[in-house]
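Quick notes on the structure that follows.
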Amino acid sequence: MILYFGQLWPKLQFSAAHVRTLGLVDQLVFRDFKITYITPQDTKKFTEPLSLEMKIFQADPNNPSRMDLVLKKLSAQPQIAIFDTHISEQFYSHNVHQLFPNCLKILDLQDWHCLRAQKT
């Protein structure tokens with residue numbers, strides 16, 4: 001199982017990063033990974049038709065009891081946690097580390113514009 005932590009619900013028309021996130025999630029589901037998507041954003045803002053295999057949760061990082069409740073409700077121990085931004089990693093990685101110490105944590109650098117080649 002993979003936990004995917006995002007700042008927002010991914011939307012196809014929002015940005016290239018959101019398109020990439022949706023593509024990544026679709027590929028992981030296609031390869032038979034079970035995905036749980038967690039974000040601080042309200043579930044009412046979830047509009048994209050994502051895979052039926054994916055579970056979605058809203059979890060405010062400023063509400064530790066809610067975050068623990070969401071993570072304890074998982075049906076299986078996650079092998080991987082993906083954080084879509086540095087902020088997501090800051091918000092949630094300590095919870096993942098405490099509850100799932102053997103879980104591989106991945107920080108997706110898709111929005112780190114400073115790593116892109118300078119255009120001349």
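Within segment 69-110, which trypsin sites (Lys or Arg not before Pro) sit in a loop by DSSP and count at most 10 neighbouring Cβ atoms inside 10 Å?
On the way: sites: LYS72, LYS73, LYS105; in loops: LYS73.
Within segment 69-110, the qualifying trypsin sites (Lys or Arg not before Pro) (loop, at most 10 other Cβ atoms within 10 Å) are LYS73.
With a 1.4 Å probe rolled over the protein heavy atoms of all chains, the accessible area of ILE106, ILE80 falls in the order ILE106, ILE80, largest first.
Determine which residues of segment 56-74 fall in the zone a paramagnetic label at GLN7 would reach in this model, i.e. backbone nitrogen under 15 Å from the point 7 Å along Cα→Cβ. It comes to 61, nothing else.
Simple rule: put +1 on each Lys or Arg Cβ and -1 on each Asp or Glu Cβ in segment 57-107, find the dipole, and look at SER93, CYS103, GLN77; the Cα lying farthest toward the positive end is GLN77.
The values are calculated or read from the model by the stated rules, or taken from the named source; none is laboratory data. Just so it is clear, the structure is predicted and the values come from calculations on it, not from any experiment. Cβ coordinates were reconstructed from backbone atoms using ideal geometry, including for glycine residues, and neighbour counts include every protein chain displayed. Accessible surface is based on the protein model in full, side chains and every heavy atom, while ligands, DNA and RNA are left aside. Shrake-Rupley method; radii C 1.70, N 1.55, O 1.52, S 1.80 Å.
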